[in-house]
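Enquirer: There's a structure below that I have some questions on.
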Amino acid sequence: IMKNEPLYSGKAKSIYKIDDEKVLIDFRDDITAGNGEMHDVKSGKGYLNALISSKLFEVLEQQGAPTHFIEYIKPNQMIAKNVEIIPIEVIVRNIATGSLCRRFPFEDGTVLENPIVQFDYKNDDYGDPMLNDDIALALKIATKEELKQLKQLGLKVNEILYKYFDEIGITLVDFKIEIGKTTDGKLVIADEVSPDTMRLWDKETKEAMDKDVYRKSMGDVVGKYEIVAKKMGCL
Ligand code: C5P
């Protein structure tokens, strides 16, 4: 459905307007990394991310975390609330890895005593730099109250999803969420929650089952996403 012009087309998803309240999100097979330096098309990837995201949004909703999710449309689309995305990537980390280890002297794989919540400015031209509250306020991209809510939402998602994945043999290492404002002014978890936006390690072998498989050219990325979907019981 929906082959008119997208409202917005990102690196891996296109958004189409349904009406003032609703949008259709089309998960494409594109996969990118390094701010567009790597780009490939992997058949079945859009399907798996739409499927996994839909299931995780349902899990979040059931446990009291508000999301933009309305309905999954087979195979690779989702109907969601029309929101205005706050240009802040809310990153939550349980284990130190990735950019945290490139920028700070953490040993890769260290279990953090407390989850770290990090805000990055969602702006490709500036390379998504890390924010602090004063910079976010000065840029007028969020209010003090919204920053507090962003942090709370990040921690709540972490609590729910850490437990959810732990029970199916997967460690939630870290993730990024985006928060949107609905037409009635509520903050909800938006965008996607998928192996593109989370690091997921097999609990036993610590093998990556997420986009790092692609970033580091470690093999069949779609095959890994499929294993995640199977463990989640959606395949
Ligand atoms: O690269 P970094 O270690 O900062 O990533 C932390 C987490 O946020 C990872 O799960 C990564 O997949 C996710 N992320 C993302 N989109 C970005 C940056 C990071 O989904 N633009």
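Enquirer: Filter the stretch 99-111 for residues that are assigned to a helix (DSSP H, G or I) and more than 9 Å from the ligand (Cβ to nearest atom) and give the result.
Expert: Scanning the stretch 99-111 gives no hits.
Enquirer: Could you give every pair whose Cβ atoms fall below 6 Å, whose first residue belongs to the stretch 162-190 and is farther than 24 Å from residue 128 by Cα and at pLDDT below 95, and whose second residue is among the aromatic types (Phe, Trp, Tyr) and within 13 Å of the ligand (Cβ to nearest atom), counting only separations of at least 6 or pairs across chains?
Expert: none
Enquirer: Here is a list of conditions, (1) within 16 Å of the ligand (Cβ to nearest atom); (2) assigned to a strand (DSSP E or B); (3) closer than 30 Å to residue 21 by Cβ, and residue 196 meets all of them except one; can you say which number that is?
Expert: Checking residue 196 against (1) within 16 Å of the ligand (Cβ to nearest atom); (2) assigned to a strand (DSSP E or B); (3) closer than 30 Å to residue 21 by Cβ, the one that fails is (2).
Enquirer: OK, next. Take residue 136 and decide whether it is more than 16 Å from residue 93 (Cα to Cα) and touching a strand residue (DSSP E or B) at 6+ places or on another chain (Cβ under 7 Å). Spell out how you get there, then give the answer.
Expert: Values: more than 16 Å from residue 93 (Cα to Cα): yes; touching a strand residue (DSSP E or B) at 6+ places or on another chain (Cβ under 7 Å): yes.
Yes: the conditions hold for residue 136.
Enquirer: Same structure again: Would you please name the residue that is nearest to the ligand (Cβ to nearest atom), looking only at residues in the stretch 23-56 that are over 29 Å from residue 129 (Cα atoms) and surrounded by fewer than 17 Cβ atoms within 10 Å (Cβ to Cβ)?
Expert: Result: 44.
Enquirer: Within the group 94, 114, which residue is outside any helix (DSSP H, G or I), of a type in the set (S, T, N, Q) and touching a Pro at 6+ places or on another chain (Cβ under 7 Å)? Steps first, please.
Expert: Numbers: 114 fails: touching a Pro at 6+ places or on another chain (Cβ under 7 Å).
Exactly one residue qualifies, and that residue is 94.
Enquirer: While we're looking at this one, here's another question. Kindly indicate the residue of the stretch 8-22 that is of a type in the set (A, V, I, L, M) and within 20 Å of residue 196 (Cβ to Cβ) and also surrounded by the most Cβ atoms within 10 Å (Cβ to Cβ) among those meeting that condition. Before you say what the answer is, go through the steps one by one.
Expert: Let us first name the residues in the stretch 8-22 that are of a type in the set (A, V, I, L, M), namely 12, 15, 18.
Cutting the leftovers down to within 20 Å of residue 196 (Cβ to Cβ) gives us 12, 15.
Values: 12: 21, 15: 18.
Applying the filter and picking the extreme gives 12.
Enquirer: Okay, moving on. So, residue 62, is that one more than 16 Å from the ligand (Cβ to nearest atom) and either under 15 Å from the mean Cα position of the chain (by Cα) or touching a residue at least 12 places away in the same chain (Cβ under 8 Å) (or both) or not?
Expert: Answer is no for this residue.
Enquirer: Of the residues 72, 47, only one is in contact with a helix residue (DSSP H, G or I) (Cβ under 8 Å, 6 or more places away or on another chain) and either at pLDDT 95 or above or acidic (Asp, Glu) (or both); which? Step through it out loud before you land on a result.
Expert: Working: 47 fails: in contact with a helix residue (DSSP H, G or I) (Cβ under 8 Å, 6 or more places away or on another chain).
The conditions single out 72.
Enquirer: Right, next: Residues that are touching a Leu at 6+ places or on another chain (Cβ under 9 Å): find the strands (runs of 3 or more DSSP E) completely inside the stretch 1-74 holding 2 or more of those.
Expert: Numbers: elements: 13-17, 22-27, 30-33, 38-41, 69-73.
It comes to 13-17, 22-27, 69-73.
Enquirer: Give the residues of the stretch 133-162 that are surrounded by fewer than 12 Cβ atoms within 10 Å (Cβ to Cβ) and either within 16 Å of the ligand (Cβ to nearest atom) or not in a loop (DSSP other than H, G, I, E, B) (or both), sorted by residue number.
Expert: 134, 138, 144, 145
The values are calculated or read from the model by the stated rules, or taken from the named source; none is laboratory data. Values in this document were obtained by computation on a predicted structure and should not be read as measured data. We place every Cβ from the backbone using ideal geometry, glycine too, and count neighbours over all the protein chains shown.
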